[in-house]
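Chemist: Pasting a structure here, questions to come.
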Amino acid sequence: MRCNPQHIDIEIDKLTNSIENVITGDRFQTDVSLIDKNDVKSITKNDGWLFNWKSEYKQPDRDVYKLTIKGNPDVIQGLISITEREDHVYLHLIESAPFNLGRNKVYLGVPGNLVAFICRISFHRGFEGYVSFTAKTQLIEHYQKNLGAISAGGQLMVINTDAALELIDKYFKD
Amino acid sequence: MGLIREPLDVDFVVDPRPLTEDEKKMISDFIKADKAKRNPKRPRKKAHTPNKA
């Protein structure tokens with residue numbers, strides 16, 4: 001496992017929450033954990049992933065987390081890549097698995113689940129929940145509505161303490 | 001436990017381009033301002049020194 005021992009501890013390395021099957025409405029408990037070498041083999045463009053996660057994994061300043069269904073750690077539902085900045089956590093990349101994209105997606109809640117997890121990491125690292133990212137222009141409104149993110153100018157978005165607490169409350173209430 | 005259901009026709013993707021130094025500063029300035037708004041500094045009260053008789 002690739003991690004920065006100064007910042008990643010067991011508690012935030014694996015948390016349980018849930019995603020929902022679009023058709024049946026059934027909810028499944030999930031885990032979030034750092035990816036490892038074996039994971040990298042199955043998250044390539046040939047497997048339908050849009051971004052180069054191998055390159056992301058290799059960058060020493062980044063942590064890449066995967067979301068999986070509890071008891072099924074081999075099937076990755078979504079990925080997220082982050083860097084620690086001076087005063088917050090910056091979200092480089094987020095992507096749902098190919099089968100969780102578009103109108104035919106299998107599970108709902110994958111991105112929200114991952115972002116809530118990162119907000120929690122931000123609190124654990126002493127950044128009061130602050131998370132930032134660069135939004136695609138056409139998605140700014142969705143981020144504002146669904147994540148409570150605020151525009152910090154242009155495409156830059158920030159999730160502040162209040163929004164982070166709300167997200168964490170939704171996913172990690174237990 | 002709640003759940004954020006993204007619309008079926010929306011896939012959450014961020015722009016993967018690297019940030020410029022100006023953009024990094026914009027984010028830091030925004031966070032500073034947001035924190036200041038959340039925790040406004042109260043004016044310091046003057047320490048009370050009892051009058052000596």
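Chemist: Would you mention how many residues in region A:130-150 are facing chain B (nearest Cβ under 9 Å) and touching a residue at least 12 places away in the same chain (Cβ under 8 Å)?
Modeler: Adding up the residues that qualify gives 11.
Chemist: Now, a different point. Only one of A:R103, A:R120, A:R125, A:R85 is charged (D, E, K, R) and within 14 Å of the chain's Cα centre (by Cα); which?
Modeler: A:R120
Here is a yes/no grid of residues against (1) modelled with pLDDT of 95 or more; (2) open to solvent by 60 Å² or more (accessible area, probe 1.4 Å); (3) not in a strand (DSSP E or B):
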position	(1), (2), (3)
A:F28	no, yes, no
A:F51	no, no, yes
A:K54	yes, yes, yes
A:Y65	yes, no, no
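Chemist: Looking at A:F127, A:F123, A:F117, which is the one that is more than 7 Å from chain B (Cβ to nearest Cβ), part of a loop (DSSP other than H, G, I, E, B) and aromatic (F, W, Y)? So that I can check it myself, show each step before the final result.
Modeler: On the way: A:F123 fails: part of a loop (DSSP other than H, G, I, E, B); A:F117 fails: part of a loop (DSSP other than H, G, I, E, B).
Criteria check complete, one pass: A:F127.
Chemist: Give region A:77-107 a look and list any residue that's in a strand (DSSP E or B), open to solvent by 10 Å² or more (accessible area, probe 1.4 Å) and away from chain B (no Cβ under 11 Å), or say none.
Modeler: A:E84, the sole residue that qualifies.
The values are calculated or read from the model by the stated rules, or taken from the named source; none is laboratory data. Keep in mind that this is a model prediction, so the values were computed, not measured. Counting neighbours? That spans all protein chains shown, and the Cβs are built from the backbone with ideal geometry, glycine included. Calculation scope for accessible area: heavy atoms of the full protein, side chains included, ligands and nucleic acids excluded. Shrake-Rupley method; radii C 1.70, N 1.55, O 1.52, S 1.80 Å.
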